[in-house]
């Protein structure tokens, strides 16, 4: 709020803010225009020339601290999480459920959190009923076929990776339901890094191309583009962390494989916040700091293996798909890599029943 000289002269300092008393002056304007008051004459106006102008992010940060907004943010929403047993999907589903949200999940096999539905997601009749038989605030799409599976079954990978997100958008066209779609840094080849949100998708493999075609970019829905690490309920999961937890004694760590990404727990927290702030379009969920896979493995070793594994530096793989976040309209701050790994450790310990293979 800006103040005139008259208001500034009467303002009362209340520590966190200034209180401006009501203007109870009489209508004898002569004594204000001709005689004047020294206090007003000597006061400076509080205006845009002598005040720090806040950015949109700074204004959001202040507003989000208001009790009224905090109360609104804590209201439960209805979520539908697709792909709820995957590496990202299970943590997103459980995190939202534990935050008090109303969570329905879809998976190919039964899942015990929230209301679970199983079925053939490639069946258009089933997909329609899944999305439209109930009214959801948010649909989170965690479904996707990974690299090797794409090469083996190209027809299904085109359907699930490329077609499905757009089919969901089409079905939600006349509803208020918002889609959060999870994308990947693999829409890029790594030949022109760092990549911004509007960088050309130059991925070259079949998998890269299917993921590049999937992204939703409009003013209603949100695509979170990032790479992820995290625990897996499946013993044979192919993620980096799951692989590391099976290792003993000695392994190689790629010093020239550069990574920017988040843990699946950080991803879950970010998408919950993104809904409350109305973030749309393509958003790079990264902390704008790169780390090598070698150094990332050392963080795993430190916090999960008490540094008992020997990690040798290896330069045999050279890849850099660094993502850079250029948007400033989202208040969520991605923690450092070590902070995210520590949070992941606390999560795994608090949900031991999901990951018995990490405690053998």
Inset, instruction - State which residue is modelled with the highest pLDDT when the search covers only region 232-268 and only residues that are touching a helix residue (DSSP H, G or I) at 6+ places or on another chain (Cβ under 6 Å), assigned to a loop (DSSP other than H, G, I, E, B) and more than 17 Å from residue 144 (Cα to Cα). - result: 255
Inset, instruction - Search region 220-231 for residues being in contact with a strand residue (DSSP E or B) (Cβ under 7 Å, 6 or more places away or on another chain) and part of a loop (DSSP other than H, G, I, E, B), and hand back the single one that is nearest to residue 321 (Cα to Cα). - result: 226
Inset, instruction - Consider residue 190 carefully, then state whether it is in contact with a strand residue (DSSP E or B) (Cβ under 9 Å, 6 or more places away or on another chain) and either on the phi > 0 side of the Ramachandran plot or outside the structural domain of residue 132 (by TED's automatic domain parsing) (or both). - result: yes
Inset, instruction - Can you tell me which residue among 55, 109 is within 30 Å of residue 235 (Cβ to Cβ) and either exposed (fewer than 11 other Cβ atoms within 10 Å of the Cβ) or modelled with pLDDT under 95 (or both)? - result: 109
Legend entry - Tally, over region 202-212, of residues that are in a loop (DSSP other than H, G, I, E, B) and surrounded by fewer than 17 Cβ atoms within 10 Å (Cβ to Cβ): 3
Inset, instruction - Would you be able to say whether some residue in region 241-255 is in contact (Cβ under 8 Å) with a residue 60 or more places away in the chain, in the same structural domain as residue 137 (by TED's automatic domain parsing) and more than 28 Å from residue 353 (Cβ to Cβ)? - result: no
Inset, instruction - Quick one: which residue in 117, 128, 108 is under 26 Å from residue 243 (Cα atoms), more than 17 Å from the chain's Cα centre (by Cα) and in the same structural domain as residue 266 (by TED's automatic domain parsing)? - result: 108
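The values are calculated or read from the model by the stated rules, or taken from the named source; none is laboratory data. The model shown is predicted, which means the values in this text are computed figures rather than measured ones. Because the Cβ atoms are built from the backbone with ideal geometry, glycine has one as well, and the counts that use them run over all protein chains shown.
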